[in-house]
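Since the structure comes first, as structure tokens, the remarks are kept for the end.
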Amino acid sequence: MTPDTQLINHPYKAPDEFEASTPGAFKASTVLFPNVAAMRSRQWADRSAYTYGTHGTPTTFTLEARLATLEGAKHCVLTPSGLLAIGLVDMAFLDAGDEVLIPANAYGPGKAFAHGDLARWGIQTTFFDPLNPNDLAEKISAKTRLVWLEAAGSITLEFPDVPACVAVVRAANDAGREGRAGRARPIITALDNTWGAGVAFQAFEMGVDLSMQALTKYPSGGGDVLMGAVFTRDAALHNTLQMCHMRLGICVGANDAELVLRGLQTIHVRYHHQDATTRSLAEWAVTRQEFAAVRHPALPDSPGHATWLRDCSAAACLFSVVFKPCYSSAQVDAFCDRLTVFGLGYSWAGPMSLAVPYSLDADRGCGEALVGVVVRFAVGLAHVDDLRADLAQALDGMVADT
Ligand SMILES: *Cc1c(COP(=O)(O)O)cnc(C)c1O
């Protein structure tokens, strides 16, 4: 054999039984088979063997198994972003002529996919008020196939009654089975559980069929990885998801999967630490005269507080403030620009604390309309005293401007 071939078809094989707390970053497109019989018989779908890089490696199989444990699910598939986890659920379960129901306060880019792409494929989107299960009941039609839920809602952090919403969908499914609604297939419920992260509450105890998480947020925890996951306890739903996932060629990089495995080991510590800092800042924000409202599910005035209290043992690292209408959008922008410990940037649950100003549509359809500019804070791992002092100095500068 010539030296160049020798380097590629190298005879050395490292010994088995290398064990570490995480499997490391296994990288491959090609997986080698010992013979054609193995090539023909190996099954990747049940995770019993390896066949090709997109179908799984020791790194991704391990990450899926650990995430399923965190989420209280049986099955998990990985996607390269949280947004694609939402899109995968939509693509796997919605057909032309179907309708998807989305909470009015849901993650914005997921709504954009519904308007921009599902609409092109003949799938209708209808929004409902997640704080009002009766509104959900009224919006369900014979065409409804998928109902999204999100707890807490993006930016404005209303906490919905997930079990009540699931009960509404089950009642519609029961009516369909009795032939009253003319429904061919049952409606599926899917929860965006990025906020709860498998820590604050158990998605599947709430009765949903599917859940997804942006692993970009808590499971990674580093602010340096983009990834998502879809979970279920139901083998048939998982099979539909997995086959669509496979046909689309969706997969994640080994180095990214390795980073999420590493982050996952500290998720509970980080979640509870950031929870404590966030609550302290939100409670302090209530004492400031600049804000018309402070949104955090643990605050008694925050919409859905009683439901959060009933269903959750913790809260994520987000709180939002609504500035009084006397503060212009330019003044709020200047407040954000004065922050020095908080950075300006999207995403959350990483080490950096972040702020984003939003001008919300008046028709978010969650109870009271919010008038005034909203700033959402994502609290990281900095010390609470420094974060509070940063907010105070930026607010004090703002008063001087008025
Ligand atoms: C960030 C986020 C997503 C999307 O995650 P990416 O990995 O950034 O695409 C989805 N849902 C919620 C609630 C999020 O906060």
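A compact table of results
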read-out	value
Where Rh is the Kirkwood radius over Cα pairs, Rg/Rh for the range 255-402	0.98
Per-residue HN-Hα couplings for the range 194-208 [Karplus 6.51, -1.76, 1.60; θ = phi - 60°; Hz; x = Gly/Pro]	4, 5, x, 6, x, 10, 6, 6, 9, 4, 7, 5, 7, x, 6
Whole-percent carbon and sulfur share, accessible surface of the chain, 1.4 Å	56
Expected 222 nm ellipticity per residue - DSSP helices of 4 or more, -39500 (n - 2.57), all of the chain, to 500	-11000 deg cm²/dmol
Extension gain, Gln124 back to Asp337 (0.36 nm per residue minus Cα-Cα distance, nm)	72.7 nm
Amide H partners (placed H, <5 Å) of Thr189, local residues excluded	Val147, Asp209, Leu210
P(r) weight above 42 Å for the chain, C-alpha pairs, percent	19
Net length gained if the chain between Thr51 and Ser21 were fully extended (0.36 nm per residue, minus Cα distance)	8.4 nm
Long pairs among Lys111/Lys217; Lys111/Lys139; Lys111/Lys324; Lys27/Lys74, criterion Cα-Cα beyond 23 Å	Lys111/Lys324; Lys27/Lys74
Cα point-scatterer Debye curve for the range 21-123, base-10 log of I(q)/I(0) at q = 0.15, 0.18 Å⁻¹	-0.81, -0.97
Size of charge dipole - the chain - debye, nearest 20, with Cβ of Lys, Arg +1 and Asp, Glu -1, no other charges	980
Relative frequency of Cα-Cα separations exceeding 18 Å in the range 47-199, percent	62
Extended-chain gain in nm, criterion 0.36 nm per residue less alpha-carbon gap, Arg310 and Arg177	44.7 nm
Crossing angle, helix 329-338 versus the chain [Cα axis fit, 0-90 degrees, rounded to tens]	60
Volume per residue of the C-alpha convex hull in the range 274-346, rounded to whole Å³	106
Cα centroid separation - the range 312-359 against the range 1-34, whole Å	48
Accessible solvent surface per residue of the range 267-401, calculated while the other protein chains remain in place, 1.4 angstrom probe, Å²	43
Cleavage-rule hits (trypsin sites (Lys or Arg not before Pro)) in the range 170-230: DSSP loop, at most 16 neighbouring Cβ within 10 angstrom	Arg180
Longest segment of the chain lacking GluC sites (Glu not before Pro) that sit in a DSSP loop with at most 10 other Cβ atoms within 10 Å	179-367
Heavy atoms of Asp390 accessible to a 1.4 Å probe, total area in Å² rounded to 10	10
Using alpha-carbon coordinates, inclination of helix 384-401 to the longest axis of the chain, degrees	50
Mean accessible surface per residue for the range 12-141, computed with a 1.4 Å probe while every protein chain stays in place, in Å²	51
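The values are calculated or read from the model by the stated rules, or taken from the named source; none is laboratory data. Only a predicted model underlies this, so the values are computations on that prediction, with no experimental measurement involved. Don't worry about glycine lacking a Cβ; one is built from the backbone with ideal geometry, like all the others, and counts go over all protein chains shown. Accessible surface areas use protein heavy atoms only, side chains included; no ligands, DNA or RNA. Shrake-Rupley method; radii C 1.70, N 1.55, O 1.52, S 1.80 Å.
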